[in-house]
Amino acid sequence: MKPFGANQWRRFGISRVFSSLFYSTTRAPKGDTLFQRISRCGDPKISLIPVLNHWAEQGRDVNQPELQRIIKQLRKYRRFSHALQLFTVGKEEAAVTKSS
């Protein structure tokens, strides 16, 4: 017999109670993120500029840390041309922000 271990709650059936309490048949709505929109453009020959323009037309903001995170993800998935496009857009945006 094991003394109190890591799964002591399983012994009392608490995990089963919580799983039945928090189970839902409805799906949570997926958030529409910029990364999801960019990832749908799988072809590296397709420009991301229209995607970014549409994102801005909807009144959504893009901050520098978010752009850096997306660039890192794109590089991780070896989508270097898209990462470079985002990098240049981020640089241009930073230059416009500094001059204003």
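Tell me whether region 20-29 contains one or more residues that are of a type outside the set (Val, Ile, Thr), at pLDDT 90 or above and not in a helix (DSSP H, G or I). No, every residue in region 20-29 fails to be of a type outside the set (Val, Ile, Thr), at pLDDT 90 or above and not in a helix (DSSP H, G or I).
Regarding Lys2, is this residue charged (D, E, K, R) and at pLDDT 90 or above?
For Lys2, the condition - charged (D, E, K, R) and at pLDDT 90 or above - is not met.
Every listed requirement among (1) surrounded by 11 or more Cβ atoms within 10 Å (Cβ to Cβ); (2) at pLDDT below 90; (3) polar (S, T, N, Q) is met by Ser47 save one, (2).
Restricting the first member to region 46-70 and to residues that are more than 15 Å from Phe87 (Cα to Cα), and the second to residues that are assigned to a helix (DSSP H, G or I) and among the hydrophobic types (A, V, I, L, M, F, W, C), the beta-carbon pairs closer than 7 Å and six or more apart or on different chains are Trp55/Leu34. Residues considered: Glu57, Glu66. Of these, the only one that is among the charged types (D, E, K, R), at pLDDT 90 or above and in contact with a Phe, Trp or Tyr (Cβ under 9 Å, 6 or more places away or on another chain) is Glu66.
The values are calculated or read from the model by the stated rules, or taken from the named source; none is laboratory data. Predicted model only: the values in this text are computed from it and were never measured. Positions of Cβ are backbone-derived with ideal geometry, glycine not excepted, and every protein chain shown enters the neighbour counts.
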